[in-house]
Amino acid sequence: MSSVTSLDTVANLKPIARDRLTLIEPEFESIQQLPIGQVGTVLEVYEGESPCFLVEFADLEGREYAMAVLTPDEVLPLHYELPLAS
């Protein structure tokens with residue numbers, strides 16, 4: 001897996017259960033899980049034996065609606081440009 005750093009854009013590869021989410025906006029309080037494929041931004045990278053990432057999920061207007069700590073197998077880094085070999 002490629003390394004994930006702060007401010008990287010990622011998508012979740014697995015549903016994230018409600019008890020693992022910090023929900024910010026009241027209209028999302030009723031969700032039971034965050035479905036696969038939601039796009040978020042890595043805010044923090046926690047190094048160590050079990051690395052993980054604090055990911056913020058926001059809507060198209062930039063309003064944060066949830067945060068979760070995810071493991072490397074739960075995130076897919078997203079890329080806007082194709083890396084070219086030098």
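Couple of notes before you dig in:
- Subset of region 17-34 (residues that are among the charged types (D, E, K, R) and either part of a helix (DSSP H, G or I) or within 18 Å of C52 (Cβ to Cβ) (or both)): R18, D19, R20, E27
- Filtering region 11-28 to residues that are touching a strand residue (DSSP E or B) at 6+ places or on another chain (Cβ under 6 Å) and more than 13 Å from M67 (Cα to Cα) leaves L13, P15.
- Looking only at region 16-50, and only at residues there that are among the acidic types (D, E) and under 22 Å from S6 (Cβ atoms), the one that is surrounded by the fewest Cβ atoms within 10 Å (Cβ to Cβ): E49
- Residue within region 68-81 that is among the acidic types (D, E) and surrounded by 14 or more Cβ atoms within 10 Å (Cβ to Cβ) present: yes
- Flag if T71 is among the polar types (S, T, N, Q), under 10 Å from the mean Cα position of the chain (by Cα) and closer than 14 Å to T5 by Cβ: no
- First in region 46-61 and under 17 Å from P15 (Cα atoms), second anywhere and of a type in the set (S, T, Y) and part of a strand (DSSP E or B), Cβ under 8 Å, 6 or more apart: C52/Y46; F53/Y46; L54/Y46; V55/T41; E56/T41; F57/Y65; A58/T41; A58/Y65
- When K14 is tested against (1) in contact (Cβ under 8 Å) with a residue 40 or more places away in the chain; (2) in a strand (DSSP E or B), exactly one condition is not met: (2).
All of the numbers you see were taken from the coordinates with simple rules; none came from a lab. This one's a predicted model, so the numbers in the text were calculated from it and none came from an experiment. Cβ sites come from the backbone with ideal geometry, for glycine too, and all protein chains shown count toward neighbours.
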